[in-house]
Structures are given as C-alpha cells and as structure tokens.
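See structure below.
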Amino acid sequence: MTRDGELRQRLNTDNMLRSLALAAWLLVCISIVLGLAIWMARGSPRLPVSYVGGAMGTSSVVLCGLAFSTAAAYLTARAPRNLIGWVFMAIGLGMAVVLPINIALADVVRQFRLIDTPVIWVAWAVTSVQVPVSGTALVIVLLLFPTGRPEWRHWRAAMALAVAGGVLVSGGAALRPDGLLWYPTLPNPLDVPLEMRDVLDASVALGTVLLTVALASAGIWLTRRAWRADGAQRRQLAWVVAGGLIMSVTLVPLFVTRYVTSVDDALGERVVFTAAVGAIALPITVAIAVQREGLFGVRDLLGRSLVYLPLMALLAGLYTASVMIFQKVFVAITGTASDAAVVLATLLVATSLTPARNLLETIVKRATEARPVDATNVAPEGSMAAAPAADLEARLAQLEARLAELEGPSRAEPTEAHMNGASVRKRSALRRAGSGQPAALA
Amino acid sequence: MKRPSGQALSDGGFLRLAVGIVVAAVLVAGCSPAQSMSGPPVIRVLGSWEGPELDAFERVVAPFEEQTGYRIDYTSTRNLRGVLETSFEAGRPPDLAGLPGPGFMLEMAREGRLVDLGDVLDIRAYKRETAPAFVDLGTIDGRLVGAFIKGTVKGLFWYDPSVYRLGTPATWSDLQITAMTAVDGVRPWCVGLASDASSGWPGTDWIEDFVLRQSGPEVYDGWVAGTVRWTSPAIRKAFRAFGTVVADGAAAGGVDGVLRTHFSHAPNGLFTDPPQCLFVHQASFMAPYMAQAVGQLGGTYDILPFPEVDPRYRGAIIGAGDLVALTHDSPGGRELIRYLVSAEAQSIWVSQGGALSANLTVTDYPDHLSRQEAGLLASATFFRFDASDSMPEGMNEAFWQAVLDYTADQSKLDDILAHLDAIQEMEYRGS
C-alpha cells in the first residue's frame, strides 16, 4: 500500500473512531438527561440503592457520567487512538446506565412477587463491576498519561497491582452471600455460602489495599516525572498530578467505606459525592493540561470544550435547581407537585442558553489568548506520543506538510501577522526537534 | 469482722473480692428473667396481637416451643412504642418485638436498638424467598433489621353474598351507587373506628386507599415521605371521599355508631337480621373476626377488591404486614426469629386463614379467599405499603386522631389538615 493510501486509511479509521466517540457521548447525555427527567418527574424519590439513592448520590452519578464522557469526547475528537479518551468514555458510559437501572429497580423492588432473574443479573453486573473497574481504569489513566502508552519502566507492576486489586474487590462484591452490595434488597445470584464471608471480606480488603498502592505508585511516578521535566511538559504534568492527587484523596475513602467497612446511607452519600467531585478532577485537569499547555495541539477544539463542558453543567444545574424551586413553589401554593415546573424550567434553560454560551466564550477567549502555544506540542494528526528518534524524519515531513497546509490559501483568511507568528513558532519547533532538544509531551 | 473503712486491701483480700464479684455476677446472670432458675428458658416477645391473631401466633410458635424447649412469654399491648421505650430505659427490652410499621422501625434502627439480622437469618434464603417489597421495607442503611412474618391485603370489601348479589362493580362510583340502592333500607357501610389507644386507624386505611387510587403512587409516596402536604388537594379530596362513607346517611349507626363501634365488631352488621349494612372495608386479617361474627350470627362472607377510582392507577393495591425485630440479642431470640420467617412457620400462619405468607414459596392457602388475596398482591400493578404505618410514629398517631375529629365534624376539615401539616413539619424535620 502506498504512503498516501496508508494515510487515507488511517484518516478513515480515525474519523470512524471520532464518530463512535461522539455517538457514545450522545448516548451518555441522553441516558442521563432522560433518567434525571423521569426521576424528577416522579418527585425525586429515594432509590433502592445504598449510598446513591438520594439527591446527592444521584447528582454524583450524573456529574461523573457527564464529566468523564464529555472529556472523553474532546480527547477522542483530537486523538482518536489515544487510550485515555476511551478509558474516560468507558467510565462515562458505565455511569450513564446507573440512573436508569436504579429507577427501573425502584419499581421492581416494591412488588409483592419474586423479581425476574434478568433484572437481578443487571443489578449484579452494576454492583460487581461499576466502581472497582472505574477505580482500576483511573489508575491506568495515570499510567498512560499523556501518550496513551505506558512509559514508566515499572508500569507492568503498577498495572498488575491495579488490575489485581480491581479483580479482588469486584470478585468480593460479585460473590457476597448476603445480597448485592449496592442493592441490598436484592439477592445475589452468584452468592457463596455464608461461611465464606470472612474470606471474601479479606479479599476485598486486600484488593482495596492493592488498588491504593497502585494509585499511589502511579501518582508518585507521575509526580517524579513532573519534577524532572521542564517547560511545557512540567506544566502539563503538574495539572494532571494535581488532578490525580485530588482524585486519590477522595477515592480511597470511598473504597474503604464501601468495601472494607460500612457506614449509614446518609454518610455514604456524602462520601460518594466527595469521591465523585474528586474523581472528575482527573478529566478536568487533563483537559486543562491539554488546553492551557497546548498538549495535543488542540487549543481551538478544547477552547470549545471549556465553553461547552461548563455550559452543560451550568444548564443542567440550572434545570435541576429551577425544577426543584418551581416544584417547591407549586407545593407551597397548591400543596402538590406539578408537571408545569418541568415546563417552566425547560423554558428558563432555553432562554438562558445563548447568553450563557456567549459569556463563557468571552471568558474562555480571554483566558486562553494570554498564553502562546508551545510549538513543540503541535503533534501530527493522530499521534500524541513524543516522537521516537527513528520516526523523526517522517514526522518532520508531516509537520512540513501541515505547515504548508496552515499557510496555504485555504486557511480561513488569517492575518499576515498571525500567519507569520505561527510559521515562526512552528519552524522553531522543527529546528529544536532536529537539533535533538527534548520535545515536550505531544 | 467488719473491715475498717479506708484501709487498703491486701493482695489476698483483693483476690477474694474479685472472685466474689465474679461469682455474684454469674449468679445474677443466671437468675435473669430470660433464664429462670427453674423451668424452661424464656423468650420474651412484645406485640400487639390479641384475640384471634394472638391465637394464631400461639399456634405458630407451639411446634417451636416443643422442638426447642423454649417458652414464649408474650405480652400484648396497643401502646407498643411506650412499652418498648420503657423497657429499653429499664435495660430489659424484650427479645423480640412486633413493630407497628416501618416508620417506627426506622426510628428504632437509627437509635441503634435493633439487631442486624444479616448475622441472624439465612439472609440468602430470606432475600430469595421473601416479597421484595418486604425485604426493602425491612432494610435500613443496607442492613436488614426487620423481618416480615406475614402479609395483609388492605382495602377489601367484606360482604354477605346472600344479601349483596350484584356482582363486582368496576369503579368506585358504581360501588357507591350499587351500595346505596342494592337493598332497601340497608345502609351501604358498616364502619368501626374504635380500637382502644389506636382508635381511628381503620379510617386511615380508607383515606390511604383513596389517595393511591385517586392521585397515584407518586403522590402517595410523597405523602408518606412528608413532601406532599396534608392540605394539598389530593389529600383533601381523599378525606372528602372518606366523608361520604361516614356521613350519617351512609354508615350504619350514624356518626356516633362509627365512632363507638370497635373495628372487630363492625362486621356484625352484615349478618344481623335484617342486615344493617352491605359492606365492611377492612384488610385480609379480618377473616378470623368475620368467622367469629358468622359463628355467632350465621351467614357467609366473601370479598370484593377495592374498585378502580382513576383508570390510570388500575390494579393499585395497598398491603401491610407484621414486622418483627430482634430488640435484644439472645440465642433464644435468634432461634425464634429464624423460625418465624421459615416456610414451616409461615405455612401454619396461612393455614389458619387471614394471613398471607411473606415467604413467596409458601402457596398452600387453605381457602379461596386467601388464594384470591394472594393473587391480588401478586398481580398488583402498583403495590404500596400502608402509608400511616410507614410514617413517623407521631404523624401516624396524629392521623388516627384526625380521622376521629373529621368523622365527628366534617366541617372542620381545614383546621384538621392544617394541624396535620404542622405535625408533619415537626415529625419530618431532619429526616
């Protein structure tokens, strides 16, 4: 196959992956928004799931689902082959199914007849897999950042610890003899005899320790890497180290209170909410590292992400709060809730959309114009890895081709100064790469 | 010789004192009421069953006493909350308590007074075999603290088929019209609201049936959770519907009769000659009381399910159940609660009529009434637990009183509901 053919095929595959990510993101949004609407229309009842049955727990699930999937959509849009985006998307998808399942189970557990087996299996899958796998995935993200490939020489050990920890925690939850952990009303279809409960408890505790060690070692490695790096690379890593630290500090208490010991639902919900806020620090800081420090060369694309991600959160928050307030008003006036609250909240959100977007665009524009793009970070399309020496020549050729494209007449009429500036920065990058200077993470 | 005060104990003296304390402690423990010096060991049970229900309980535990050698010391009270509080304060709670409902159970569990049944029951079997609604209601913060040992269908209309012969009305309006016109000179309803300290509760069942069937499960759930106000149109509408039942021209004996008649005697009016009424609205546990009335007065009885009020909520059913909890962790208490949830004990309950098994593997109901009731529960599109039993105890008691006040004077509805709103504000604060 010719070089052109290879590139074309690669481009097609990338486009397909981007479309897939976009579809997954839409699916997450639809699932969460619909679930939320149904739950609120029913008067936001407590759901039959421990730790996330109330408003705070439901918000945690919604927050994580939206944050991870949105960050994933932006990362995969720019670098569809990078694993980090897909790991984030998997976490987002996992979160997106939780609310609809919880709502469906709320109907099922209030019956006076035995529950159908498929329903129990769905709940079993969520209770066994959701959190342990997400925890393991987050450790893996730290190990893969930012290239999507492991670069630490001990990565295998750290990943093995994370996977073993995840498997032990997940297995412990999957085999519990006294019902499903997150859905305590339901029996466990794969329960082991009660006599084995101590063994399971021990394995879950061990799994939690392994996951914690893996998380700590990945974090320490990333911190050392940031410490030793300089320039743009250091700044990029610093953001993610901060995100990883916040995530770890909040995630470990969740694992301990959920899997090793047990607390009442009210405290559990606070722990989950804190963990959710902490966990989304990682996709947020990855996005910041990418945007502010020019990682992956996606300034424009991610500038938009910084507008639309908060916009979505803002509108979701506005919608939720206004439905609650309108419902309270209706209850105060008429004594009962009304669907009109949903209609009014929707109108409010619709009218707020454009002003809020304009405001956020202005803020983001001001914030991002201040810092120039680090030329070394402008990676060739489809790659986020630092260029190995052997590929340097090929990458130089790609960069030259890209430069020509940027400077060509098809570009949307940039000013001459801008063009010159871009050219100078990019040529300087080429010179540095050619002279063997260390490239920042790209 | 008396030891002078203030003198330090010698080593030997200290040892003797320590041994003395240990021996005394052992003796005191040995003489504790749960383990009397002579006779079989005792398991103390506190509950509210009396009359035919108590007879049924005694028949259920008889094989247990025989097999294990334990003796059940049962105390019946209508003031469960007060008696339980006192026993806890005195440090002598019963081993097992029959709780009036999930609302009170929640309060007890949050105060740390109930033993986690996860370590007591075969939790795998319990969750696999028990009605999910009952497992859910007995679970607080992921821990099973209350076990249902029998179920009840609420909102049944009991009647004498030799008097009422017009079949099953499809809607509440049809039933009202039919009941008013079916037999000349016979009032549609017999209602008895008296029940000692808990008078008024039979009326709460009426109102709950109306709330669920008029306004649907969301409003019902919000009402139980304290988010729907008592002064809301939905609850007001339900009270007004109940008002049509206890109005002078509708209920046998008029308002005075309704307020004075004990709920267990309400069925008598079905079987007198001539009959005083066509229907009694009561739960499935009424079967033994009906049998008692028939035994004294003759006749037969059958049931109609509560008809549809709003077609959107067709098939809605309210149920209730008898909930037991371990209030003192003792070997006898553990054995008894394990026995009570077993299929063996449940079969004995249901074989006597008037009780539905919480264990769904028990299906050998003795008569067509029980089978019909079990069928209603199993096929319900919406199953909800008795609202008043799920509310905080203070709210529940205020509801009973509100029913009595409203029955006595329907023109005071606004004040009554406003008062209930104030109680709701207080009882749900912080929950």
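Summary table
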{"item": "Gain in span if fully extended, residue A:192 to residue A:324, counting 0.36 nm per residue against the direct Cα distance", "result": "43.2 nm"}
{"item": "Within-12-Å neighbourhood charge of residue A:152 [Cβ basis; K, R +1; D, E -1]", "result": "+4"}
{"item": "Gyration tensor (Cα) of region A:50-153, equivalent ellipsoid semi-axes in angstrom", "result": "32, 14, 11"}
{"item": "Of every Cα-Cα pair in region A:1-53, the percent that sits beyond 16 Å", "result": "65"}
{"item": "Average Cα contact separation per residue, region A:138-243, under 8 Å, 6 or more apart, as relative contact order %", "result": "27"}
{"item": "Quarter of the Cα convex hull surface for region B:168-263, i.e. its orientation-mean projected area (nm²)", "result": "6.9"}
{"item": "For B:332-344, mean number of other protein chain Cβ atoms within 10 Å", "result": "0"}
{"item": "Calculated Rg and Dmax of region B:354-431 using C-alpha coordinates, Å", "result": "18.1, 49"}
{"item": "Residue A:206/residue B:418 FRET efficiency (R0 56 Å; Cβ-Cβ; nearest 0.05)", "result": "0.45"}
{"item": "Two-site FRET efficiency, residue B:312 against residue B:363, from Cβ-Cβ distance with R₀ of 45 Å, rounded to 0.05", "result": "0.90"}
{"item": "Cα→Cβ-extended label distance, 7 Å offset, between residue A:334 and residue A:41, nm", "result": "1.6"}
{"item": "Efficiency of FRET between residue A:116 and residue A:8 - r from beta-carbon atoms, R0 45 angstrom, step 0.05", "result": "0.35"}
{"item": "For B:125-138, mean number of other protein chain Cβ atoms within 10 Å", "result": "6"}
{"item": "222 nm mean residue ellipticity, helices alone, for chain B (DSSP H n ≥ 4; -39,500 (n - 2.57); rounded to 500)", "result": "-14500 deg cm²/dmol"}
{"item": "Equivalent ellipsoid, region B:97-190 (semi-axes from 5 times Cα gyration tensor eigenvalues, Å)", "result": "43, 15, 11"}
{"item": "Overall form of region B:178-228 per C-alpha gyration tensor (a/c, 1.5; a/b vs b/c)", "result": "oblate"}
{"item": "Relative contact order (%) - region B:240-318, alpha-carbon pairs under 8 angstrom, separation at least six", "result": "19"}
{"item": "Net lengthening on full extension, residue A:230/residue A:262 (0.36 nm per residue, minus Cα-Cα)", "result": "7.1 nm"}
{"item": "Volume per residue of the C-alpha convex hull in region B:247-290, rounded to whole Å³", "result": "72"}
{"item": "Considering only chain B, percent of DSSP beta bridges that pair antiparallel, nearest 5", "result": "55"}
{"item": "Region A:185-231 pair-distance distribution - Cα-Cα, 5 Å bins, rounded %", "result": "5, 17, 12, 15, 12, 10, 8, 7, 6, 5, 3, 1"}
{"item": "Cα-based Rg / Dmax (Å) for region B:338-383", "result": "10.6, 31"}
{"item": "Cα gyration tensor category, rounded, prolate or oblate, for region B:256-358 with a/c compared to 1.5", "result": "prolate"}
{"item": "Compactness of chain B - radius of gyration and Dmax, Cα, Å", "result": "24.6, 94"}
{"item": "Cα-based shape type of region B:43-146, given that a ≥ b ≥ c are square roots of the gyration tensor eigenvalues and the cut on a/c is 1.5", "result": "oblate"}
{"item": "Shielding by partners - mean other protein chain Cβ count within 10 Å, residues of B:228-240", "result": "2"}
{"item": "Stokes-Einstein diffusion coefficient of region A:105-184, Kirkwood radius over Cα pairs, 25 °C, 0.890 mPa s, in µm²/s", "result": "169"}
{"item": "Between region B:384-423 and region A:27-74, the alpha-carbon center distance in angstrom", "result": "36"}
{"item": "Degrees separating the helix B:287-297 axis from the principal Cα axis of chain B, which is the longest one", "result": "60"}
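Bear in mind these aren't lab numbers, they're just calculated from the coordinates by the rules spelled out. Treat the numbers as computed from the prediction; the structure is a model and nothing was measured. Note: ideal-geometry Cβ built from the backbone for every residue, glycine included; neighbour counts use all protein chains shown.
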